[in-house]
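Structure first, then comments.
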């Protein structure tokens, strides 16, 4: 054997090396990140995309999440659900990778094996498919070719960064405004916070210069009135002065010739629900006539349910009561204060897990029922959870219980809870409307579509929370709850404990106990998002 190796090694080794080199070259040729820019138009607007691209078997692909961010749309790939969700303007498409189908409203189209390319957790969609599904025209001169990447400079703390421009664009059909900060050089470190008391968002850029940027930029947008910029030592301060309460989603695109940071300011209520500024004798276009059923609300749920439209990365938390409504007041504690603290802790934990979280209130305010509906039906979350504290005539009653919506109450005390939790919401309407609303709740199928998934989530919440707190498990129950009526997403009302029980009330007011409740709920929501059983329930 040794002589044989000695003879063959000089003969075949160069050929093997050449073969390996050719295979590596071909692999890179087909899968290497493409450096050429993709250009074109979308709805009459020109774009130059910096999103990564790929070429495979002669088909050009683009990283769809980054590309849609640039266009002002929304795209995400869910490896668990095996779906790619795309939204641009009012057009929504869902690519089901396992079923090989494309869902567009009620229409279903075939999805070919060359339409989507997956690399890890990144989904690349072919340029050809995107141009068929959306009003996107790619320029004929766009040539997706492989280029050898130039060496990247080593970043240092002294790298230069300059803010060279600020631009904005309102997407009214999505109730959001995108503000983009354009830079020359590297992107600077940045942070931001929302100051609800002053009604503004404050952004801090560090080690960044200003170049021909005005001190005040008038916006007069539905969400932003103006942008103020000033320099303080090594910090550049930028303030978005708001005209309404918004949620914020930030992102950055550090590569290419136009590095930038963007902020999506998302209305937390439908623009049509409440005028931003007083107007004389407003007459809403969609005011229903008197004979129309009370099922018609200003923020109706979709006429048909398509669970593919749920955003698996979005959660909406509703801290119960608030403002003029303290909720239960027992043993010296107010329900509205405790549930807000638990909700804030839960929000932080979920955001660390990668979820985008919206809250119906972040302070001592009272969102109307319509405002709560509007937030949920705008964001289409995977989960809506309303957090409350319980009360009972028996001071020994204790433990956690959850409720899902059902026209018929099921479980001990379910109707009592529904009566208590519905009470203030019904004061938002007159007596005649109250009667009709209650009748419609008991005959409504609005929240039955995702009831099984909601019950599954409820069981997970009880198990995870009690594992941390040691509370009594009171089970998952069903009740005709107004707050769950117009919601198609899996939805729960969670009674985290009894304020009427002196010992449990003291626990509920404890920051360490609140943290345990929030941790258990976060674990349950994460497990719910990854559950194959839930996936099947939502696809049925």
Per-region count, the stretch 128-181, residues part of a loop (DSSP other than H, G, I, E, B), at pLDDT 65 or above and closer than 29 Å to residue 74 by Cβ: 4
Hits in the stretch 98-108 - residues which are in a strand (DSSP E or B), in contact with a strand residue (DSSP E or B) (Cβ under 9 Å, 6 or more places away or on another chain) and either modelled with pLDDT under 90 or farther than 14 Å from residue 84 by Cα (or both): 103, 104, 108
Residues of the stretch 23-80 classified as at pLDDT below 65 and touching a helix residue (DSSP H, G or I) at 6+ places or on another chain (Cβ under 7 Å), total: 1
Qualifying positions in the stretch 219-232 - more than 16 Å from residue 243 (Cβ to Cβ) and either out of contact with any strand residue (DSSP E or B) (no Cβ under 7 Å at 6 or more places or on another chain) or outside any strand (DSSP E or B) (or both): 232
Positions within the stretch 365-399 being buried (at least 24 other Cβ atoms within 10 Å of the Cβ), part of a helix (DSSP H, G or I) and within 15 Å of the chain's Cα centre (by Cα), in sequence order: 374, 375, 376
Filtered residues of the stretch 189-218 (kept if part of a loop (DSSP other than H, G, I, E, B), more than 18 Å from residue 261 (Cα to Cα) and under 29 Å from the mean Cα position of the chain (by Cα)): 196, 197, 198, 199
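Yes/no matrix, rows are residues, columns are (1) modelled with pLDDT of 65 or more; (2) touching a strand residue (DSSP E or B) at 6+ places or on another chain (Cβ under 7 Å); (3) part of a loop (DSSP other than H, G, I, E, B):
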| position | (1), (2), (3) |
| --- | --- |
| 433 | no, no, no |
| 438 | no, no, no |
| 457 | yes, yes, no |
| 460 | yes, no, no |
| 487 | yes, yes, yes |
| 494 | yes, yes, no |
| 515 | yes, no, no |
| 527 | yes, no, no |
Subset of the stretch 74-97 [more than 14 Å from residue 310 (Cβ to Cβ), touching a residue at least 24 places away in the same chain (Cβ under 8 Å) and not in a strand (DSSP E or B)]: 79, 89, 90
Qualifying residue in the stretch 246-265 (condition: over 30 Å from residue 63 (Cα atoms) and in a loop (DSSP other than H, G, I, E, B)): no
Of all residues in the stretch 230-256 being modelled with pLDDT of 80 or more and over 28 Å from residue 358 (Cβ atoms), the one that is surrounded by the most Cβ atoms within 10 Å (Cβ to Cβ): 236
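The values are calculated or read from the model by the stated rules, or taken from the named source; none is laboratory data. All values reported here derive from a predicted model rather than from experimental measurement. Don't worry about glycine lacking a Cβ; one is built from the backbone with ideal geometry, like all the others, and counts go over all protein chains shown.
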